[in-house]
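The values are calculated or read from the model by the stated rules, or taken from the named source; none is laboratory data. This one's a predicted model, so the numbers in the text were calculated from it and none came from an experiment. Because the Cβ atoms are built from the backbone with ideal geometry, glycine has one as well, and the counts that use them run over all protein chains shown. Areas reflect the complete protein model, heavy atoms only, side chains present, ligands, DNA and RNA absent. Shrake-Rupley method; radii C 1.70, N 1.55, O 1.52, S 1.80 Å.
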Amino acid sequence: MMLKPIRAITKFSSSKGGAKVVLATWLVAVLLLSLFLPSSKDYDSNSGEGSMQENMPSEKAEQLMKEAYPDDEGLPALLVFHEDGQISEQTREKITELSEWLESDDKPDHIVSTLPFHQFPEDVQDQMFSEDMSTLLFNVTLEADLETSEANAIMEDIKEKVASFDMTDVQFEITGPAGIAADTTALFKNADFVLMIATVLLIFVLLIAIYRSPILAITPLIIAGIVYGVVDRLIGVFGKAELFSIDTQAISIMLVLLFAVLTDYSLFIFSRYREQLKKVESKYESMTEAMYHVSEPIFFSGSTIFLAMLTLFVTVFKPYNHFAPVFSVAVVVILIAGLTLIPSVFSLMGRRAFWPFIPKVNEGTKEKRTLWEKISRFVSRRPAVIATSLIIVFLSGAVYFTTVNFSYNLLKSFPEDVSSRVGFELLEDHYPEGQLAPVTVLLENEGPIEWDDATKEELEHVRQQLESEKGVEEVTPQLDTAMDEAPRNFMSDDKAVVKFDLVLENNPYETEAIEELRNLRDKSETIISQTEFDSIHFAGQTAEQVDVQAMNKRDMIVLFSLVTVLMTLVLGMQTRSIILPVLMMGTILLSYAASMGFSWFIFQQFLSLDAISYRLPVYTFVFMVALGIDYNIMLVSRIREEAKSYPFAKAVERGVALTGGVISSAGMILAATFAVLITQPLQELYLFGFVMAFGILLDTFIVRGMLMPSILLLINRKK
């Protein structure tokens with residue numbers, strides 16, 4: 001009953017008049033949307049690493065910082081000067097000139113404050129250099145809520161000013177939040193254009209190689225272009241209305257997904273269409289019959305992908321949550337196109353679409369055994385051996401996945417020659433690691449505190465407690481009872497908050513520092529137990545990463561569980577079975593874990609990586625599970641269809657043989673399109689592209705072609 005409306009839609013789209021109406025509707029829609037609505041690229045941005053509710057401990061601490069110390073608010077840019085040996089007197093003079101310019105009326109707009117280097121005596125300046133006097137860190141703070149384009153313009157102005165000093169022997173880099181934001185924008189400036197061109201060319205070449213038909217190769221790309229025009233503008237109008245945030249990485253991956261899935265649907269449809277054209281003269285009747293068989297797996301395939309994307313709405317981590325609306329909109333339009341636009345286009349083209357190998361009614365077929373026929377017979381003869389062997393191999397990969405190390409350092413994902421990464425690594429090499437991003441400790445009281453000897457002793461006791469903890473290098477400022485006034489910027493204007501700077505021994509972005517700060521935060525009650533302060537807060541980059549780690553763990557548990565349950569239920573509706581969906585989901589989960597494990601081994605051995613982005617397992621899980629199920633749906637649908645006419649064992653054999661060509665072709669194209677992400681500038685994206693390509697090929701050729709059929713044969717021996 002549920003499929004009747006779907007089949008009515010596909011029947012209309014395949015009819016002579018309906019096909020023209022459908023195609024015209026899509027063309028008019030993309031034209032009008034392109035003329036009157038904005039592009040998604042007009043409103044995309046980096047999601048950052050916060051929570052959707054903005055209620056994590058580090059976020060509360062940052063909010064308290066803004067309220068208690070408004071003068072400290074801003075977007076920091078860290079200017080790094082480095083010279084082999086020691087920085088020369090001439091270079092110091094140029095830096096002094098730069099400092100004067102940054103304090104003058106000629107400086108770029110929107111700079112809040114800078115390090116007054118030119119006002120300090122030489123002995124004070126010396127303290128700002130690295131121990132070997134080869135490197136200087138120079139702080140510039142921009143307005144907090146600047147547009148990315150404005151921040152980038154300021155960075156460029158500073159670079160031009162430094163270049164005008166002609167310091168040929170000096171290496172100059174800009175890092176810190178402002179520098180990272182500027183580099184991120186520059187990295188993705190032309191990335192989507194390169195991605196689209198590479199995707200289109202790769203799909204075209206693969207389709208030509210597989211089907212040797214120029215029309216078949218170009219048609220899916222034209223269809224994808226039309227659909228992308230609609231999706232891009234719909235996401236753009238939602239972004240303009242501020243209904244949801246548009247993540248830059250989500251747009252890049254969505255582009256790949258759209259072209260890949262629409263090409264897959266095109267392959268499924270025109271492969272079945274070609275079969276029918278050999279039986280029926282009418283091209284419209286042939287498409288109607290083809291869509292009768294293909295519409296169900298396409299509908300359930302699109303539904304599983306859509307549900308997988310919807311589950312991202314339950315995540316609390318912004319980068320995950322901001323993927324949900326972009327992909328949900330895209331998948332809905334892709335599914336509608338799969339059921340309307342693709343059949344209408346091929347119906348109108350008819351047999352000409354297959355030129356020069358035009359199918360004819362009652363056309364004889366040459367008797368030759370295909371590769372998939374040979375594989376299907378091999379599987380049917382030795383299902384137990386194949387299933388056991390593959391499960392053992394996959395389990396070994398899944399076990400190795402448990403050894404993976406995760407990195408929370410965003411800069412490690414940048415290309416090695418990017419200024420913000422180079423600058424940060426220079427600081428790592430020449431300054432104590434913890435000084436790169438000190439932790440801000442805030443002690444909060446309900447009302448104002450008195451600056452008396454008792455308060456000074458309490459605060460000094462807290463400082464000493466913090467400094468004695470494992471992993472803490474130092475906590476400043478030191479206090480003594482001789483101080484008549486609180487140190488500058490130590491106490492808030494309302495005297496209800498005091499601030500310490502805590503320097504960690506380890507790199508503030510690495511796992512060791514994150515664990516140490518988590519332990520410190522767990523002891524918060526003990527640290528202030530002997531004081532009158534009500535609460536203690538930790539702000540800064542390391543504190544943020546503690547919360548990111550917690551959010552990531554929570555989202556992985558919720559997301560993995562929810563996707564697994566929903567996918568299994570959808571498969572149960574499609575197969576009308578209890579055992580089949582469990583088996584299908586089980587093989588996909590095993591394939592996912594094995595793909596991650598084998599990929600981690602490759603990254604270690606061949607790329608010399610000691611950690612991968614913590615986001616990688618989540619991204620790959622959602623897409624690999626949603627897309628991997630497609631091929632099992634196509635296989636099982638064909639097996640059930642064949643089982644109406646043949647014994648079950650023969651139906652499995654025929655199902656594997658008949659779907660093998662189209663699914664393997666679709667799998668290779670899908671894998672290749674994700675592999676295009678290797679061209680992207682962020683390590684996170686090209687590792688994601690590799691894992692997806694590897695996992696899809698594993699699903700296509702091993703899980704779908706051998707593991708799943710062998711398991712089906714083993715549990716249905718009596719049929």
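For residues in segment 620-643 being open to solvent by 10 Å² or more (accessible area, probe 1.4 Å) and assigned to a helix (DSSP H, G or I), which is nearest to residue 598 (Cα to Cα)?
634
Filtering segment 151-177 down to residues that are open to solvent by 60 Å² or more (accessible area, probe 1.4 Å) and among the polar types (S, T, N, Q), which residue is nearest to residue 96 (Cα to Cα)?
This residue is 164.
Out of 385, 393, I need the residue that is open to solvent by 80 Å² or more (accessible area, probe 1.4 Å), farther than 30 Å from residue 286 by Cβ and out of contact with any Cys (no Cβ under 8 Å at 6 or more places or on another chain). Which one?
385
Which of the strands (runs of 3 or more DSSP E) found entirely inside segment 397-509 contain at least 2 residues meeting this: surrounded by fewer than 16 Cβ atoms within 10 Å (Cβ to Cβ) and either touching a residue at least 40 places away in the same chain (Cβ under 8 Å) or among the hydroxyl-bearing types (Ser, Thr, Tyr) (or both)?
Once the strands (runs of 3 or more DSSP E) in segment 397-509 are filtered for at least 2 residues that are surrounded by fewer than 16 Cβ atoms within 10 Å (Cβ to Cβ) and either touching a residue at least 40 places away in the same chain (Cβ under 8 Å) or among the hydroxyl-bearing types (Ser, Thr, Tyr) (or both), what remains is 472-476.
Among 313, 357, which is the only one that is at negative phi, open to solvent by 10 Å² or more (accessible area, probe 1.4 Å) and outside any helix (DSSP H, G or I)?
Within the list 313, 357, the selection yields 357.
Mind counting the residues in segment 209-228 that are surrounded by fewer than 16 Cβ atoms within 10 Å (Cβ to Cβ) and at pLDDT below 90?
Total satisfying the criteria: 2.
Show the residue pairs meeting these rules: Cβ distance below 8 Å; 6+ apart or different chains; first residue within segment 125-152 and on the phi > 0 side of the Ramachandran plot; second residue in a loop (DSSP other than H, G, I, E, B).
Sorted first by the residue in segment 125-152, then by its partner, the pairs are 133/86; 133/87.
Which members of segment 192-217 meet the condition of being among the charged types (D, E, K, R) and over 15 Å from residue 689 (Cβ atoms)?
Of everything in segment 192-217, just one residue is among the charged types (D, E, K, R) and over 15 Å from residue 689 (Cβ atoms), namely 212.
If I filter segment 606-615 for residues that are open to solvent by 20 Å² or more (accessible area, probe 1.4 Å) and in a helix (DSSP H, G or I), do I get at least one hit?
Looking through segment 606-615, at least one residue is open to solvent by 20 Å² or more (accessible area, probe 1.4 Å) and in a helix (DSSP H, G or I).
Quick test for you: out of 77, 29, 24, pick the one residue that is modelled with pLDDT of 90 or more, within 30 Å of the chain's Cα centre (by Cα) and not charged (D, E, K, R).
29
Taking segment 14-25 as the region of interest, how many residues are open to solvent by less than 50 Å² (accessible area, probe 1.4 Å) and in contact with a helix residue (DSSP H, G or I) (Cβ under 8 Å, 6 or more places away or on another chain)?
Going through segment 14-25 one residue at a time, the tally reaches 6.
Here are some conditions: (1) open to solvent by less than 50 Å² (accessible area, probe 1.4 Å); (2) over 30 Å from residue 288 (Cα atoms). Residue 378 meets all but one. Which one does it not meet?
It fails just one condition, (1).
How many of the residues in segment 229-247 are surrounded by fewer than 21 Cβ atoms within 10 Å (Cβ to Cβ) and assigned to a helix (DSSP H, G or I)?
Summing the residues that are surrounded by fewer than 21 Cβ atoms within 10 Å (Cβ to Cβ) and assigned to a helix (DSSP H, G or I) in segment 229-247 gives 6.
What are the pairs with Cβ atoms under 9 angstrom where one residue, in segment 295-318, is over 30 Å from residue 51 (Cα atoms) and the other, located anywhere, is outside any helix (DSSP H, G or I) and open to solvent by 20 Å² or more (accessible area, probe 1.4 Å)? Sequence gap at least six, or different chains.
Every condition considered, the pairs that remain are 295/3; 296/3; 299/2; 299/3.
Taking the options 303, 286, 266, name whichever one is at pLDDT below 90 and assigned to a helix (DSSP H, G or I).
When all the criteria are applied, what remains is 303.
Among the residues of segment 541-600, how many are open to solvent by less than 10 Å² (accessible area, probe 1.4 Å) and among the charged types (D, E, K, R)?
2
Could you tell me how many of the residues in segment 512-540 are open to solvent by 20 Å² or more (accessible area, probe 1.4 Å) and of a type in the set (Phe, Trp, Tyr)?
Total meeting the criteria: 0.
Of 148, 184, which residue is farther than 20 Å from residue 87 by Cα and crowded, with 19+ Cβ neighbours inside 10 Å?
184
Could you grab me the full set of residues in segment 697-717 that are more than 12 Å from residue 655 (Cα to Cα) and of a type in the set (D, E, K, R)?
Across segment 697-717, the qualifying residues are 699, 717.
Do we find that residue 197 is over 26 Å from the mean Cα position of the chain (by Cα) and either at pLDDT below 85 or open to solvent by 40 Å² or more (accessible area, probe 1.4 Å) (or both) in this structure?
Spelling it out, it is not the case that residue 197 is over 26 Å from the mean Cα position of the chain (by Cα) and either at pLDDT below 85 or open to solvent by 40 Å² or more (accessible area, probe 1.4 Å) (or both).
I'd like to verify a number: residues in segment 48-66 that are open to solvent by less than 40 Å² (accessible area, probe 1.4 Å), out of contact with any helix residue (DSSP H, G or I) (no Cβ under 8 Å at 6 or more places or on another chain) and more than 20 Å from residue 143 (Cα to Cα), how many?
0
Taking into account only those residues within segment 570-611 that are over 26 Å from the mean Cα position of the chain (by Cα) and free of Cβ contacts under 8 Å to residues at least 24 places away in the same chain, which is nearest to residue 390 (Cα to Cα)?
Of everything passing the filter in segment 570-611, 582 is nearest to residue 390 (Cα to Cα).
Of everything in segment 26-47, what is loosely packed, with under 15 Cβ neighbours inside 10 Å and either among the charged types (D, E, K, R) or outside any helix (DSSP H, G or I) (or both)? Give them in sequence order.
Selection gives 42 alone.
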